[in-house]
1. Where in the stretch 63-156 are there trypsin sites (Lys or Arg not before Pro) that are in a DSSP coil and have at most 15 other Cβ atoms within 10 angstrom of their Cβ?
2. How many angstrom lie between the Cα centre of the stretch 125-168 and the Cα centre of the stretch 22-96?
3. Ignoring the sites themselves, what is the longest stretch of the chain with no GluC sites (Glu not before Pro) in a DSSP loop and at most 14 other beta-carbon atoms within 10 Å?
4. Based on DSSP H runs of at least 4 residues, each adding -39500 (n - 2.57), what is the mean residue ellipticity at 222 nm of the chain after dividing by all its residues, to the nearest 500 deg cm²/dmol?
5. How large is log10 I(q)/I(0) at q = 0.09, 0.10, 0.19 Å⁻¹ when the Debye formula is applied to the Cα atoms of the chain, each weighted equally and without solvent?
6. Viscosity 1.306 mPa s, temperature 10 °C: Stokes-Einstein D of the stretch 92-147 from its Kirkwood Cα radius, in µm² per second?
7. Given a 1.4 Å probe, how much area per residue of the stretch 71-123 is accessible, in Å²?
8. What's the carbon and sulfur percent of the chain's accessible surface, probe 1.4 angstrom, rounded to a whole number?
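The values are calculated or read from the model by the stated rules, or taken from the named source; none is laboratory data. Since the model is a prediction, treat every value here as computed from it, not as a measurement. Neighbour counts are summed over all protein chains in view; Cβ atoms, including those assigned to glycine, are modelled from backbone coordinates with ideal geometry. Surface areas here come from the heavy atoms of the whole protein model, side chains and all, with no ligands, DNA or RNA. Shrake-Rupley method; radii C 1.70, N 1.55, O 1.52, S 1.80 Å.
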Amino acid sequence: MSPSHAQTLPDMWLDPEDDPRASGEIEVVDERTNLQEYLRVYRITLRMKCDGLTPEQLAARSVPPSTMSLLGLVRHMAKVERDWFRLRGAREDAPRLYWSEQDRDEAFSDAAPDQSVVDEAFARWDEEVAFSDRFVAAEPDLGRVFTYRDGESISLRELLLHMVEEYARHCGHADLLRECVDGRTGQ
């Protein structure tokens, strides 16, 4: 971090020139690329909010009675990626993640401060993101409609917009959670 940056923005993670979200490698020229780029940036943002924290810090809950934590958000986003892309879009017969009839919020309620739980959550999230990216890359038409088992349908465009919205909302939560853990804000 440059000395001038460290003095003006001491609570930020890194110098803006080193921000992995601003890679400059992707030229946003159309709707598909724009949606995918927003999704990529929000995924990186959530990961950045979790970087450098211990399992205890990742599992620290917000304010009672909420069970929200950074670890819970990672688990929740793995679940959301799977629900929307793998189960609804691709209609794979795969089990739901972090969900049961008894506890529909397992992503948060079972987010324990244990390294194996953290490792498993990030591995699952990475797997689901990779599946989602392959699913989107294989479908050339944003207007393609996917019908769920329950009869409801959604276009790929709507699905991508929903995911951008989902990440944007939860990155806002992650901002506040991270600030509570160690005071870091922004980016």
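1. Details: sites: Arg75, Lys79, Arg82, Arg86, Arg88, Arg91, Arg96, Arg104, Arg124, Arg134, Arg144, Arg149; in loops: Arg91, Arg96, Arg104, Arg144, Arg149.
Qualifying residues, ordered by number: Arg91, Arg96, Arg104, Arg144, Arg149.
2. When both Cα centres are located, 14 Å separates them.
3. On the way: sites that count: Glu25, Glu27, Glu92, Glu101, Glu152.
Formally, the longest exposed-site-free interval is 28-91.
4. Working: 7 runs with 97 residues, N = 187.
Mean residue ellipticity at 222 nm (helix-derived): -16500 deg cm²/dmol.
5. Log10 I(q)/I(0), no solvent term: -0.36, -0.44, -1.34.
6. Working: Rh = 13.7 Å.
My calculation gives 116 µm²/s for D.
7. Working: 2380 Å² over 53 residues.
Solvent-accessible surface per residue comes out at 45 Å².
8. Working: 5060 of 9810 Å².
So the carbon and sulfur contribution to the accessible surface is 52 percent.
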